[in-house]
Each structure stands twice: as C-alpha cells, then as structure tokens.
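J.: The structure that follows is given in the form of structure tokens.
The values are calculated or read from the model by the stated rules, or taken from the named source; none is laboratory data. Everything numeric in this text was worked out from a predicted model, so none of it was measured. Here the Cβ positions follow ideal geometry from the backbone for every residue, glycine too, while neighbour counts run over all protein chains shown. Each accessible area value is taken on the protein alone, full model and side chains, heavy atoms only, with ligands, DNA and RNA left out. Shrake-Rupley method; radii C 1.70, N 1.55, O 1.52, S 1.80 Å.
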Amino acid sequence: MPYEFIKIDKSERVAILKLNRPKALNALNTQVLKELDLAIDQLDKDESVDVIIITGEGKAFVAGADITEMKDLNAEEGRRFGNFGQKVFRKIEKMEKPVIAAVNGFALGGGCELAMCCDMRIASEKAKFGQPEVGLGIVPGFSGTQRLPRLVGIGKAKELIFTGDIIKAEEAEKIGLVNKVVAHEELMNEAMDLAKRIVKNAQKAVRYANIAINRGIETDIETGIEIEADLFGLCFATKDQKEGMTAFVEKRKAEFKGE
Ligand code: CAA
C-alpha cells in the first residue's frame with residue numbers, strides 16, 4: 001500500500017512502522033492519522049508479522065498533533081479531530097499483537113499519547129516526553145488525560161499536564177512512563193531484541209495474555225480473573241500448548257507454529 005508519511009519494513013516476523021514526516025517533526029495531521037490507521041489494519045492482518053515497533057524518522061518520535069491544522073478549528077471540528085486520533089490510538093492499544101514504541105526523540109502531546117497506547121516503550125537517551133497542550137490553550141486530546149494517570153499515577157500525571165513540563169528519558173523511566181532507556185545508537189537494536197524475545201514464544205499465548213491484561217485492567221479483579229480463566233482454558237485448545245509442554249517433557253526446544 002503506498003503511504004506518503006509512513007514506512008514499513010519487515011524482518012524476522014517483526015514490522016517496523018516508521019512515521020516519516022521529519023520536516024514537521026512527524027506531527028500528526030489528518031493524513032498521517034489516516035495512514036497510521038490503515039497501516040495498523042494492514043499489520044494486524046499480516047500473518048507474517050507477530051510484533052510491531054513504532055518509531056519516528058529524524059529527531060522526533062512525534063512532536064504532537066499538527067498545530068497548523070488545529071489552529072482554526074471550531075469546537076465541533078476540534079472534537080472530531082480529537083475523536084479520530086483517539087480511535088486510531090485505541091485500535092493500537094486493543095491490537096492483540098504486541099506493539100513496542102521505540103521513542104527516538106521528542107514525544108510531545110499526541111506523540112507522548114501515541115507512545116502510551118503502545119504496549120511497551122523503549123526510549124533513546126535523547127527522547128523527551130511531555131503533554132504541553134495547556135500552553136496552547138487545549139487539553140491533551142488523544143487520550144493523554146486517561147492513559148498518563150493510569151501509567152504514572154494521578155499526582156504525577158496532573159503535574160505533567162498542568163505544567164506542560166518536558167521531561168528527559170531518564171525521568172520518564174523513573175516515573176514508569178518508559179520501560180527502559182538506552183543509548184541512542186542502540187535504540188532499534190534494543191527494540192528488535194525485545195521483539196525477538198517475544199517472537200520466540202507461542203504467539204496465541206502472547207496475544208491471549210495481552211487481551212487478559214488489557215481487558216482485566218479496565219475492570220474489577222473478579223471479572224479480570226474470570227477473563228484470565230477463559231483465556232487460560234483457550235490455550236489448551238492450541239497446538240502450541242501441546243508442543244510447548246511436550247518439548248519441556250522431552251527436554252528439547254519447542255517449535256511453535258502460532259497455531
Ligand atoms: N505541529 C505542527 N508543526 C510542528 C509541530 C506540531 N506539533 N511540532 C513541530 N512542528 C514543525 C515546526 O513548526 C517547524 O516547522 P517549520 O520548519 O516549517 O517552521 C518544524 O516542525 C521543526 O520544528 P522546530 O523548528 O520548532 O524545531 P525545534 O527543534 O526548534 O523545536 C520542539 C522542537 C520543541 C518539539 C518544537 O517544535 C515544539 O515545541 N513543537 C510543538 C510541541 C507541542 O506543543 N506538541 C503538542 C501539540 S498539541 C497536541 O498534540 C494535542 C493532542 O493531544 C492531540
């Protein structure tokens with residue numbers, strides 16, 4: 001599929017989706033969001049892909065939603081723009097295949113929100129995070145008010161959102177916004193290494209675990225453990241469960257087929 005602002009490379013069952021609008025620091029305008037939406041659908045269906053890495057071209061991961069496009073919107077148009085970004089990010093969050101954000105630089109506003117809808121975040125030491133929206137007269141609009149407190153706690157999320165402070169990768173790791181900070185040159189190797197450590201496992205089990213965590217975190221623990229029990233049961237209907245446990249008993253390496 002031809003994209004103007006997205007590049008996709010695939011190897012060893014991992015797809016790297018790169019936002020490629022470096023002149024505007026990969027700012028998310030409607031076209032970039034539409035392409036991202038399509039690319040996610042494409043990778044979700046692609047049976048040669050188990051894990052997706054999202055990163056950015058140039059010095060930014062994503063410097064936010066496109067301020068030039070938003071500048072003259074009225075209330076209804078603003079709501080529609082926000083809703084569209086929310087919808088795309090929710091799709092990423094709900095995807096069963098694991099998604100890793102490899103944060104190469106600025107992750108501000110919509111960029112921080114994009115990183116947060118991914119399952120895991122690896123950051124370059126050069127990355128910077130923040131929700132600077134109130135300095136522009138708006139609130140975070142691609143679900144930052146919802147995901148940031150869930151990730152870092154209400155107090156820290158309010159501090160970041162009310163002040164618009166930009167924090168370094170090291171601080172982002174300290175507050176639990178990113179999983180790991182690595183040397184800039186090592187970012188893609190580290191993200192690939194994480195992806196491969198996932199790819200070697202039984203993919204149905206990985207996806208069921210993702211569903212259990214995502215659905216469980218949004219409900220009470222009683223419902224959550226029921227969801228887990230259902231998915232645990234479903235694993236026993238997969239060939240990979242038989243292979244994984246047989247291989248253990250036979251003291252050999254399992255050969256998973258994703259079935
Ligand atoms: N929207 C549109 N264009 C953007 C952009 C954005 N969010 N961020 C950067 N750009 C553009 C700049 O306008 C500039 O374009 P020109 O060369 O045509 O002037 C180009 O990208 C390079 O940017 P700078 O010259 O500003 O680069 P810098 O290195 O001096 O500064 C920066 C980098 C600190 C990230 C700065 O660009 C910046 O503050 N960007 C805006 C960050 C921001 O406020 N993000 C939140 C947006 S609102 C939002 O995201 C709402 C939401 O939740 C949905």
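J.: Tell me which residues come under 5 Å, amide H to amide H, from Asp50 once H is placed; ignore anything under 5 positions away on its chain.
T.: Close amide H contacts, sequence-distant or interchain: Val14, Ala15.
J.: Largest first and in whole Å, what are the equivalent-ellipsoid semi-axes of segment 1-117 based on the Cα gyration tensor, each being the root of 5 times an eigenvalue?
T.: The three semi-axes for segment 1-117 are 23, 15, 12 Å.
J.: Solvent-accessible area per residue for the chain at a 1.4 Å probe radius, Å²?
T.: For the chain, the solvent-accessible area averages 53 Å² per residue.
J.: For Ala65, list long-range residues whose amide hydrogen, built 1.01 Å from N in the peptide plane, is under 5 Å from its own amide hydrogen.
T.: So Ala65 has HN proximity to Leu28, Gly110, Gly111.
J.: Near Ser124, within a Cβ-to-Cβ distance under 15 Å, what is the net charge of the other residues, with Lys and Arg +1 and Asp and Glu -1?
T.: Combined, the nearby Lys, Arg, Asp and Glu give -2.
J.: With an 8 Å cut-off on Cα pairs and a minimum separation of 6 or more residues, tell me the relative contact order of the chain in percent.
T.: Once normalised by length, the contact order is 15 percent.
J.: Continuing with the same structure: Under 15 Å from a point 7 Å along the Cα-to-Cβ line of Ile166: which residues of segment 141-156 have their amide N that close?
T.: Label zone hits: none.
J.: While we're here: Any idea what angle helix 221-235 forms with the longest principal axis of the chain, computed on alpha-carbon atoms, 0 to 90 degrees, nearest 10?
T.: Roughly 50 degrees between the two axes.
J.: Further question: In what order, largest first, do Glu218, Glu190 sit by accessible area if the probe radius is 1.4 Å?
T.: Glu218, Glu190
J.: Using alpha carbons only, how many angstrom separate the centre of segment 1-46 from the centre of segment 111-189?
T.: Spelled out, the Cα-based centre of one part sits 21 Å from the other.
J.: From Cα pairs below 8 angstrom and at least 6 apart in sequence, can you work out the relative contact order of segment 174-237, rounded to a whole percent?
T.: Relative contact order of segment 174-237: 24 percent.
J.: Looking at the chain, send over the antiparallel percent of its DSSP beta bridges, to the nearest 5.
T.: DSSP beta bridges in the chain are roughly 30 percent antiparallel.
J.: Positive end of the dipole of segment 203-249, charges at C-beta (+1 Lys, Arg; -1 Asp, Glu), about the Cα centre: which of Val206, Val249, Ile225 has its Cα farthest in that direction?
T.: The one lying farthest along the dipole's positive direction is Val249.
J.: Largest first, what is the accessible-area ranking of Lys59, Lys45 with a 1.4 Å probe?
T.: Lys45, Lys59
J.: Here's another thing I want to ask about it. Testing the spin-label approximation: label points 7 Å from Cα along Cα→Cβ at Ile217 and Ala183. State their distance in nm.
T.: It works out to 3.1 nm between the two label points.
J.: Taking the chain as the reference, fit the longest principal axis to its C-alpha atoms, fit the long axis of helix 239-249 to the helix C-alpha atoms, and give the angle between the two in degrees, 0 to 90, nearest 10.
T.: Value to nearest ten degrees: 60.
J.: Another one. For segment 169-178, just list the computed ³J(HN,Hα) in residue order, Karplus coefficients 6.51, -1.76 and 1.60, θ = phi - 60°, integers in Hz, with x standing in for Gly and Pro.
T.: 4, 4, 5, 4, 5, 4, 8, x, 7, 10
J.: Follow-up. With a point put 7 Å past each Cα toward its Cβ, work out how far Gln86 is from Lys257 in nm, to one decimal.
T.: Result: 4.4 nm between the two label points.
J.: Then there is this: Can you give me the % of accessible surface on segment 203-249 that is carbon or sulfur? Probe 1.4 Å, all protein chains present, nothing else counted.
T.: Carbon-and-sulfur percentage of accessible area, whole number: 67.
J.: Which order do Phe232, Phe61 take by accessible area at a 1.4 Å probe, largest first? Numbers along the way, then the final one.
T.: Numbers: Phe232 135, Phe61 0 Å².
So the residues, ranked largest to smallest area, are Phe232, Phe61.
J.: Based on the alpha-carbon gyration tensor of segment 68-122 and its eigenvalue square roots a ≥ b ≥ c, which shape applies: rounded if a/c is under 1.5, prolate if not and a/b is larger than b/c, or oblate?
T.: oblate
J.: How much of the accessible area of segment 6-199, in percent, comes from carbon and sulfur atoms when a 1.4 Å probe is used? Write down the numbers at each step before the final one.
T.: Working: 4500 of 8860 Å².
Roughly 51 percent, rounded to a whole number.
J.: For the chain, what ratio Rg/Rh do Cα atoms give with a Kirkwood hydrodynamic radius?
T.: 0.99
J.: Additional query: What angle do you read, to the nearest 10 degrees and between 0 and 90, between the alpha-carbon axis of helix 154-163 and the longest principal axis of the chain?
T.: The two axes meet at around 30 degrees.
J.: Turning to a different aspect of this structure: Provide the solvent-accessible area of Ile138, counting protein heavy atoms only and rolling a 1.4 Å probe, rounded to the nearest 10 Å².
T.: 70
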